[in-house]
């Protein structure tokens, strides 16, 4: 019998599997996809996240990602550029997830693909093909997608106008290298923002968090919305100039940014976006994945499945300040009246940007 089952082989699930296997657990890591794809979310690894990857045995040089040393803000007619507190990295989820999954298998984890978990009930995982898998400890790491029976309610102000996640790949091009370089960019606009970072092959990962009302104004078509944003925002338009218009824009609906939970059942550890969804402009989604996995493994080692409720409460408490600050910056950034003020302040006080960058990291200890 397995000591643990991990549902989801993204960063949080794979990191938990590595830690559990190294702790001597017999475990099974389940992934519903048959091949490692390029997931919609992620791509930016902060300096703290890179340190956690090193502790997991993932060689930074082998990832070969794009070094990121600066953050650049655009709002209206204003822009700012500030050095980050430490060197970060842009890397595709395909490469990151593949490296983590290989490390989990090397550590001794059992790994099964094409297994679609549909429910977690009474210490058992129910799969789409009718199988029931049991273990004393379950680790739920299913990412941003909802999981049946585990509702994630957005804040009241999001219910009337929910947030959508969009992603487009910008092909590698000399102009993208020149315009973006070693920066992570945030383009702020009414009811949304776009984040852009280059990845290991020189391509650009452009992710947007946009309220549904803004997408509705573009007839619900993400491609139309991007064309309009490119026309209205000259700096973003420059970066979109060489986009492949024939490629579909990836989308995920109703992302509950700012949600977090302190509740779970004994034997069930909720990780990553199943524990909390930090606003993505903070660039700490991957950090939360690894911090939650690290903390969950430490809790399991000391108390096995019985440690899950206390773990969830401690993690929620550690998320409180970073989430509150990220929510505040997000609300200011998507409001045209305050986004330009925020960008001007970033130009005048670069130390403030570095302080916010540090304060929105998740501390697992």
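The values are calculated or read from the model by the stated rules, or taken from the named source; none is laboratory data. Here the structure is a predicted model, which is why all the values come from computation and not from measurement. For neighbour counting, all protein chains shown are included, and Cβ atoms are generated from backbone atoms with ideal geometry for every residue, glycine included.
Annotations
- Scoring residue 104 on the criteria (1) over 22 Å from residue 128 (Cβ atoms); (2) surrounded by 19 or more Cβ atoms within 10 Å (Cβ to Cβ); (3) under 19 Å from the mean Cα position of the chain (by Cα); (4) modelled with pLDDT of 95 or more leaves a single failure, condition (3).
- In the stretch 331-352 there is no residue matching the filter, namely being over 23 Å from residue 194 (Cβ atoms), within 19 Å of the chain's Cα centre (by Cα) and either modelled with pLDDT of 95 or more or assigned to a helix (DSSP H, G or I) (or both).
- The condition of being at pLDDT 95 or above, out of contact with any helix residue (DSSP H, G or I) (no Cβ under 9 Å at 6 or more places or on another chain), closer than 30 Å to residue 345 by Cα and buried (at least 22 other Cβ atoms within 10 Å of the Cβ) holds for only one of 91, 68, that being 68.
- In the stretch 71-88, the residues that are more than 15 Å from the chain's Cα centre (by Cα), buried (at least 20 other Cβ atoms within 10 Å of the Cβ) and more than 11 Å from residue 353 (Cα to Cα): 74, 75
- Residues of the stretch 319-328 that are touching a helix residue (DSSP H, G or I) at 6+ places or on another chain (Cβ under 8 Å) and surrounded by fewer than 20 Cβ atoms within 10 Å (Cβ to Cβ): 321, 325.
- Counted residues, the stretch 242-267 - those being crowded, with 22+ Cβ neighbours inside 10 Å and within 15 Å of residue 308 (Cα to Cα): 1
- Among the candidates 186, 166, residue that is part of a strand (DSSP E or B) and at pLDDT below 95: 166
- Any hit, the stretch 275-285, residues being free of Cβ contacts under 8 Å to residues at least 40 places away in the same chain and either buried (at least 24 other Cβ atoms within 10 Å of the Cβ) or outside any helix (DSSP H, G or I) (or both): no
- Test: residue 60 is touching a helix residue (DSSP H, G or I) at 6+ places or on another chain (Cβ under 9 Å), at pLDDT below 95 and surrounded by fewer than 24 Cβ atoms within 10 Å (Cβ to Cβ): yes
- Checking each residue in the stretch 1-41 for being under 24 Å from residue 299 (Cβ atoms), assigned to a loop (DSSP other than H, G, I, E, B) and under 16 Å from the mean Cα position of the chain (by Cα) picks out 8, 9, 10.
- Test for residue 73: is it within 24 Å of residue 9 (Cβ to Cβ), modelled with pLDDT of 95 or more and either out of contact with any strand residue (DSSP E or B) (no Cβ under 7 Å at 6 or more places or on another chain) or not in a loop (DSSP other than H, G, I, E, B) (or both): no
- Screening the candidates 243, 219 for the property of being at negative phi and either out of contact with any helix residue (DSSP H, G or I) (no Cβ under 9 Å at 6 or more places or on another chain) or not in a helix (DSSP H, G or I) (or both) yields one hit, 243.
- Among (1) surrounded by fewer than 21 Cβ atoms within 10 Å (Cβ to Cβ); (2) in contact (Cβ under 8 Å) with a residue 24 or more places away in the chain; (3) more than 18 Å from residue 274 (Cα to Cα) - the single one residue 168 does not satisfy: (1)
- Yes/no for residue 99 being surrounded by fewer than 13 Cβ atoms within 10 Å (Cβ to Cβ), modelled with pLDDT of 95 or more and closer than 26 Å to residue 22 by Cα: no
- Odd one out for residue 139, checked against (1) in a strand (DSSP E or B); (2) over 29 Å from residue 335 (Cα atoms); (3) over 18 Å from the mean Cα position of the chain (by Cα): (3)
- The set of residues from the stretch 148-163 being out of contact with any helix residue (DSSP H, G or I) (no Cβ under 6 Å at 6 or more places or on another chain), in contact (Cβ under 8 Å) with a residue 60 or more places away in the chain and either within 30 Å of residue 87 (Cβ to Cβ) or not in a helix (DSSP H, G or I) (or both) comprises 150, 152, 153, 154, 155, 163.
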